[in-house]
1. Would you tally the residues in segment 110-154 being small (Gly, Ala, Ser), within 21 Å of the chain's Cα centre (by Cα) and surrounded by fewer than 15 Cβ atoms within 10 Å (Cβ to Cβ)?
2. If I filter segment 16-24 for residues that are under 12 Å from LEU64 (Cα atoms), open to solvent by 50 Å² or more (accessible area, probe 1.4 Å), in a helix (DSSP H, G or I) and not polar (S, T, N, Q), do I get at least one hit?
3. Out of the residues in segment 36-45 that are surrounded by fewer than 21 Cβ atoms within 10 Å (Cβ to Cβ) and not small (Gly, Ala, Ser), state the one that is farthest from GLN153 (Cα to Cα).
4. Determine which member of the set ALA149, ALA118 is at pLDDT 95 or above and under 30 Å from GLU32 (Cβ atoms).
5. Condition first: outside any helix (DSSP H, G or I) and of a type in the set (Val, Ile, Thr). Now tell me which residues in segment 25-54 satisfy that.
6. Does segment 25-34 hold any residues that are open to solvent by less than 20 Å² (accessible area, probe 1.4 Å) and of a type outside the set (D, E, K, R), and which are they?
Amino acid sequence: MNRIGLALRALHHGERGLAQDLLRVSERHVSEHEIHHVARDLSAWSQRHLRELAEIGGRYGARLGTGHALETGLGARLREKRSELVKHRSTPGMLLLHDLRHIHVQAAGVSLDWEMIAQAAQARRDTELLSLTERCHPDTLRQMRWANAHLKQLSPQVLNS
């Protein structure tokens, strides 16, 4: 595997973690309807990125899986029940801030990976890889902005209550 393959593998790992964590945030904050639904949609973007990375990874010696199902089922149900319990506690706002901060930091790391791969693709004049970065990197930037916007909106009321 060459160095671009290693970078693709790291990006794939980051996208998988981001997709999984967005699903966890969605499940954990079921009572926050916008968080719940939008986080699911944003996770689907990362899952699409995983499929596209798997398609191109072989060209660089990186065998990247597409089929690992993200955690759902029993774990998801347990988190939903926990979410129901958490909403009756006094700190669900702090938990949401923590989760959004984590998503933002994770998306920032994925964004940097996309940027590095885009620069390498430009240097190699690899139009297929560059096209992939141009399709997927903007989604990652939107995932970061979504988390940041909610952090800005919720922080004053949560931290001052």
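The values are calculated or read from the model by the stated rules, or taken from the named source; none is laboratory data. Source: prediction; values computed, not measured. Backbone-built Cβ (ideal geometry, glycine too); neighbour counts: all protein chains shown. Side chains are part of the model used for accessible areas, which takes the heavy atoms of the whole protein and leaves out ligands, DNA and RNA. Shrake-Rupley method; radii C 1.70, N 1.55, O 1.52, S 1.80 Å.
1. Number of matching residues: 2.
2. Looking through segment 16-24, at least one residue is under 12 Å from LEU64 (Cα atoms), open to solvent by 50 Å² or more (accessible area, probe 1.4 Å), in a helix (DSSP H, G or I) and not polar (S, T, N, Q).
3. TRP45
4. Going through ALA149, ALA118 in turn, just one is at pLDDT 95 or above and under 30 Å from GLU32 (Cβ atoms): ALA149.
5. VAL30
6. VAL25, SER26, HIS29 - these are the residues of segment 25-34 that are open to solvent by less than 20 Å² (accessible area, probe 1.4 Å) and of a type outside the set (D, E, K, R).
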